[in-house]
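The values are calculated or read from the model by the stated rules, or taken from the named source; none is laboratory data. Keep in mind it's a predicted model, so treat the numbers as computed, not measured. Cβ placement follows ideal geometry from the backbone for every residue including glycine, while neighbour counts extend to all protein chains displayed.
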Amino acid sequence: MRTNQPQTIYLEEYRVPQYLVEHVDLRFELFEDGARVHNTLTIQRNPAADGNPGPLELDGDSLRLESVALDGEQLPASRYEDEGSKLRVKDVPARFELTVVTWIEPQNNTRLEGLYKSSGMFCTQCEAEGFRCITYYPDRPDVMARFRTRVEADKAAYPVLLSNGNPVAQGELDDGRHFVTWEDPFPKPSYLFALVAGDLVEKKDRFTTCSGREIDLRMYVEPRNVHKCDFAMDALKRSMRWDEDVYGREYDLDIFMIVAVDDFNMGAMENKGLNIFNSSCVLASQDTATDATFQRIEAIVAHEYFHNWSGNRVTCRDWFQLSLKEGFTVFRDAQFSADMGSPTVKRIEDATLLRTAQFAEDAGPMAHPVRPASYMEISNFYTLTIYEKGAEVVRMIHNLLGETLFRKGSDLYFERHDGQAVTTDDFVRAMEDASGRDLSQFRLWYQQAGTPVLTVQDDYDQAEGIYRLTIRQAVPDTPGQTDKQPQHIPFALGLLGSEGQPLPLRLQSESPEAPQERVLELTRAEHCFEFHGLTERPVPSLLRGFSAPVRVHYPWTREQLLFLMSHDPDGFNRWDAGQRLAVDVIQSLLGAADDAEIEPRLVEAYRALLQDPSLDQALVAKMLQLPSEAYLIELSDSADPAAIHRSRDRVLAYLAENLRDDLMACYRRQTGTVDYELTPEAIAQRSLKSTALGWLLHIGDEPALELAKAQYAEADNMTDRLGALRALVNSDFQQARTEALASFYQRYSEDPQVVELWFSVQAGSDRAGQLPQVQQLLAHPAFDWKNPNKVRSVVGAFAGQNLAAFHNPDGSGYEFLAEQVCRLDDSNPQIASRLVAPLTRWKKFAPNYSTQMRTALERVRDKPALSRDVYEVVHKSLA
Ligand code: ARG
Ligand code: ZN
C-alpha cells in the first residue's frame, strides 16, 4: 500500500542490468500458515554494464526476510539493507552465490500476484512483477536465468507438485510430506516462473512434433472438472500443429502442462511449460459453455501456447516492450482462429472490439502508444492498446509485406533473437531486413497514441471517366502528445459499378486489366488518387477488411450503404455498411419526437438478410446484431446514454414489429435435430435463433415466449439455453423471466462458471439489472469478493453492459461503482483498477452525466491508502 505519490518509470531511463543471474535454485516449503522460500542465485556482474556496479539490488514486495548468505556464509545485517521493496547487498564480488530465505503467506494473498491459494491449491502469477512477492530477485525481464525448483508439501493434501521444465527428482520426506524437483533448461525471466501444488486430476494426451519428437501433454484440474478438459486439449494440439505449419515453430520441452485455477486476475498465463488458466478460459462442456466460450478457449489456449516462441524463447527487454509479445501473439492467435472458423466473422469480432473499446481507450485519459513511454504501475498497461491495437500493427506489417516476406521476417526474428530479451524495434528491423522494405515511418504506429482519422472525399468526372479520391489523415492529440505526424497506413479499397460488379482500379495510365482491389499506402497528410476508365460513378468500398485501425469519415448516403450491404464482395464491408446504416438511423432519432419516422429501408434490408438462405449465414448472424450502446456512445461527442438507449430500443422494436413473420420463419428454419457442432454454420444457426427470439420477446410476442420457454427447457447445449434465458431476462415477461432464472440457478448452482453466466446475464440486463437487484446479487451466497470472475460477472457486467442502469441520471450507478472500487482496492488492486475504467471516460458524456462521474472518481481518489494501480488511473483521468 502506498503512502507517497507513486513514481513514474520512463522508457528513456532504461539501463542494462548491473548484475546477471546465471542460475536460480529454489526450494519451497509449503505449509498451511505460510511458505518458506530458499533462493540461491548464481550471480555475476554484467560485462555489458559500464561504470561502478555498486551494491547488488534485488526487488521484493511483502516479504519477510529470514536470512542472507553469500557464498555459503551468513551475512551480518551490516552487509545488507532491507528496504522492503529493495534488498541491497554491499561489497559483492564479481561472481558469487547468494542465498536468500524469505517467509510469505500465500493463504492471505488476495492480490493474486506471486504465490497464492485458490480453492485449496497453491498457484502463482508472476507477470509482470509478481515474482518479487515470492522472493528477492532482479525482477525484470532482461535478466534471464536457468531455474531449478524443489517443491515440498504435505503429500495427502498436495499430491501434485508442479513447476517449469522437466521433473528430475522426487521423494518422500518426514511427517507425510513429499517433494518434486523440476528443472527448466531454457533461461527465462522471472515473470515466466510458475508453481502449482494441489490435489488435482491429471488428463494426459500426446503430440508428435514435425521432427518426430513425442510430447507429453497434461491438463491438471480439480476432480469435479475432469469432464471439461477435452476441448482445450484438442485446441492445444491444433495450436501446436498450426504453429509448425504456419510459422515453422516446434515445441521445445518434452512436456507441456495446463492448469485450471478458479481465482485468477486475467485470462491465462504462458509460464514456460506450465500454462496457468483462469478456469473460465479453459474448462468447457457442451452443457456448460456457450459457443462464444468455446471460441474464446480455443483462442486463449492457442495464444498462451504461441507465446512459447513469441514471448518465451524471444522475450521483452523491459515492460515498455510488452506489445512485442502481446501484439504479435494476439495477431498469431487471430490468424489461427480465422483458419479454424470463419475468417470474416473473426475479423468482424476483432474490429468490433477495437472500434468499441480500444478506440475509446485511445481517446481517453489513459491513452498510450503501443510502446508506452512511461507508466506508474505496469499492470495498468495490459490494455486493449497493447494487445489489440498491437496486433493490428503487426497485421498491417503482414499486409504491407505479404504472406511470404512476413514469414521470412518472422523466421529471421526468431533466429536472430532466440534466447534474448528484445524490443519492438528489433521486431520491425527483422521485418525490414527480411523484406527490404523501409518501415521507418511505419514505426510511428508504436510511438504515437490516438486513432488516426481519415477523411475521404470523392469526385467523379463524367467527361474524362476519372474518379478522384482525396484522403486526408490526422492523428488526434492525446495526453502528453500533440502535433503528430502522418502515419503509414495501408488502405484497402474496391470500386463497385451500379450492378454491383467490381470495377478495375486503374491508377492513371495503367492497362485495363488493373486489379479490382488495391491496398493504397497513405503516408502523407493528404493524398489524391485518380482512377481512370470509369464510365459511371462508382460506389467506393473503403478500408476493406478493416485494413488499418483507423476511423473513416466519408459522406455515405443511405442508398450507398444499402447498396454495399447487399453487393460488396468484401464480407467485412457488407457488415460494416449495415452497421453504419443502423448507426445513422439510430442517431437520427436522438432528440427526435417519439413518433418520428424510422427509416423503412432498414426493415427491407434486414428482411432481405432474413429471407435469403443462400447468403453466408455466419455473416447474416453478425449483420443482424445492431450496433451496441457502447459503440454508439463511443461515436458521440457529448453522449446522452439514456437517449441512446431509447433510440436503439425504438429501432429494435420497429424492426421486430415489421419483421415478425420473417423472424419467426427464420427461427423455425434453424431448428432441426442436428448434433451439436462447433462449425461456423452451426454457430450461426444458434446465433440466428436466439437473435430472432430476443427481438420478438423485446416486443412481447406471445408465440415467441412459448418458443423461448421450450428452447430453454429442451436445449442440449448452453448456447441455446443461455440464448433463451437471455431473451427472457431482457423481456417484459416478468414471471417467465423469474422462473427461468430460478430454474437455471438450481440446475447449475454447483458449477461456478455457469453461475458466473447467471450473474452476468442479470447484471448486464436493463430489466433484471437495476441497481437494487444488482445489490442483491452481491449479497447472494454464490457471490465472492475474493473471486475476480464473480466481481467481473456482477460489477463488471453492470458497468460495462447495462449502460442504461449504470448511467442512471441520478448518479446512483456511478456512486455504486466508486464504492465497489474502493472496497476492492485494499484486497485486489489490479481488479479495482480495471473496474474503475468506465468512470474514467467522463469527458465523453453530456454535462449532467460527466459531473457526477467526476464526483465519483474524486471519491475514489480520496480513499485513504489508495493502491498504485488505482492511483495512476484515477489521477490521470482527473488531470
Ligand atoms: N501474459 C498473459 C497473456 O497471455 C497476461 C498476464 C498478465 N497478467 C497481469 N497480471 N497483468 O496475455
Ligand atoms: Zn499474451
Quick one: which strands (runs of 3 or more DSSP E) lie wholly within the range 420-515 and hold at least 2 residues that are among the acidic types (Asp, Glu) and out of contact with any Gly (no Cβ under 9 Å at 6 or more places or on another chain)? 453-461
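Considering only residues that are of a type in the set (A, V, I, L, M, F, W, C) and within 13 Å of ligand 1 (Cβ to nearest atom), which ones fall in the range 124-149? If you could, list the steps in order and put the result at the bottom.
Going through the range 124-149, the residues of a type in the set (A, V, I, L, M, F, W, C) turn out to be 126, 128, 131, 133-134, 143-145, 147.
Those that are of a type in the set (A, V, I, L, M, F, W, C) and within 13 Å of ligand 1 (Cβ to nearest atom): Cys126, Ala128, Phe131, Cys133.
With the condition kept exactly as written, say whether any residue in the range 749-758 is of a type in the set (S, T, N, Q), surrounded by fewer than 23 Cβ atoms within 10 Å (Cβ to Cβ) and farther than 25 Å from Phe277 by Cα.
Looking only at the range 749-758, we keep the residues that are of a type in the set (S, T, N, Q), and these are 749, 753.
If we keep only those that are surrounded by fewer than 23 Cβ atoms within 10 Å (Cβ to Cβ) as well, we get 749.
From what's left, farther than 25 Å from Phe277 by Cα: none.
No, the range 749-758 contains no residue that is of a type in the set (S, T, N, Q), surrounded by fewer than 23 Cβ atoms within 10 Å (Cβ to Cβ) and farther than 25 Å from Phe277 by Cα.
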For Cys281, only one of the following conditions fails: (1) in contact (Cβ under 8 Å) with a residue 24 or more places away in the chain; (2) touching a helix residue (DSSP H, G or I) at 6+ places or on another chain (Cβ under 6 Å); (3) within 16 Å of ligand 2 (Cβ to nearest atom). What is its number? (1)
Out of Asp612, Asp595, sole residue that is under 22 Å from Asp640 (Cβ atoms) and surrounded by fewer than 18 Cβ atoms within 10 Å (Cβ to Cβ): Asp595
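Yes or no: Val394 at pLDDT 95 or above, buried (at least 24 other Cβ atoms within 10 Å of the Cβ), within 16 Å of ligand 1 (Cβ to nearest atom) and outside any helix (DSSP H, G or I)? Before the answer, list the steps.
Values: at pLDDT 95 or above: yes; buried (at least 24 other Cβ atoms within 10 Å of the Cβ): yes; within 16 Å of ligand 1 (Cβ to nearest atom): yes; outside any helix (DSSP H, G or I): no.
No.
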Give me the pairs: first residue in the range 326-342 and of a type in the set (Asp, Glu), second residue more than 9 Å from ligand 2 (Cβ to nearest atom), beta-carbon distance under 6 Å, and six or more apart or on different chains, which are they? Glu326/Ile386; Glu326/Gly390; Asp333/Ala299; Asp333/Ala302
Some residue of the range 266-274 being away from ligand 1 (no atom under 16 Å from the Cβ) and surrounded by fewer than 22 Cβ atoms within 10 Å (Cβ to Cβ): no
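Pick from the range 168-184 the residues that are without any contact (Cβ under 8 Å) to a residue 60 or more places away in the chain and within 22 Å of Asp252 (Cβ to Cβ): which of them is surrounded by the most Cβ atoms within 10 Å (Cβ to Cβ)? Spell out the reasoning first.
Of the residues in the range 168-184, the ones without any contact (Cβ under 8 Å) to a residue 60 or more places away in the chain are 168-183.
Checking the rest, the ones that are also within 22 Å of Asp252 (Cβ to Cβ) come to 168-169, 180-183.
On the way: Val168: 11, Ala169: 11, Val180: 19, Thr181: 21, Trp182: 25, Glu183: 17.
Result: Trp182.
Identify all residues within the range 87-117 that are hydroxyl-bearing (Ser, Thr, Tyr), surrounded by fewer than 21 Cβ atoms within 10 Å (Cβ to Cβ) and assigned to a strand (DSSP E or B); write none if there are none.
Just the residues of the range 87-117 that are hydroxyl-bearing (Ser, Thr, Tyr), to begin with: 99, 102, 110, 116.
Then drop every residue that is not surrounded by fewer than 21 Cβ atoms within 10 Å (Cβ to Cβ), which leaves 99, 110.
The answer is Thr99, and nothing else.
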Taking helices (runs of 4 or more DSSP H) that fall entirely within the range 770-844, which contain at least 3 residues that are within 16 Å of ligand 2 (Cβ to nearest atom), in contact with a strand residue (DSSP E or B) (Cβ under 6 Å, 6 or more places away or on another chain) and farther than 27 Å from Ile644 by Cβ? none
Tell me yes or no: at least one residue of the range 309-325 is within 19 Å of Met257 (Cα to Cα), over 18 Å from the mean Cα position of the chain (by Cα), within 16 Å of ligand 2 (Cβ to nearest atom) and surrounded by 24 or more Cβ atoms within 10 Å (Cβ to Cβ). yes
Counting only residues that are in contact with a Ser or Thr (Cβ under 7 Å, 6 or more places away or on another chain) and in a helix (DSSP H, G or I), which one in the range 845-879 is farthest from Gly813 (Cα to Cα)? Asp869
Of the residues Leu534, Leu561, which is crowded, with 20+ Cβ neighbours inside 10 Å and more than 30 Å from Lys389 (Cβ to Cβ)? Leu534
Quick one: what pairs do we get from the range 376-398, first residue away from ligand 2 (no atom under 12 Å from the Cβ), second of a type in the set (Ser, Thr, Tyr), C-beta under 6 Å, 6+ apart or different chains? Met376/Thr8; Asn380/Ser833; Phe381/Tyr375
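Let's see how each residue does on (1) surrounded by fewer than 22 Cβ atoms within 10 Å (Cβ to Cβ); (2) outside the structural domain of Thr8 (by the TED database); (3) part of a helix (DSSP H, G or I):
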{"site": "Ser285", "(1), (2), (3)": "yes, yes, no"}
{"site": "Ala289", "(1), (2), (3)": "no, yes, no"}
{"site": "Thr293", "(1), (2), (3)": "yes, yes, yes"}
{"site": "Ile297", "(1), (2), (3)": "no, yes, yes"}
{"site": "Ala302", "(1), (2), (3)": "no, yes, yes"}
{"site": "Tyr305", "(1), (2), (3)": "no, yes, yes"}
{"site": "Val330", "(1), (2), (3)": "no, yes, yes"}
Please enumerate the residues belonging to the range 240-272 that are within 16 Å of ligand 2 (Cβ to nearest atom) and not in a helix (DSSP H, G or I). Arg249, Ile258, Phe264, Asn265, Met266, Gly267, Ala268, Met269, Glu270, Asn271, Lys272
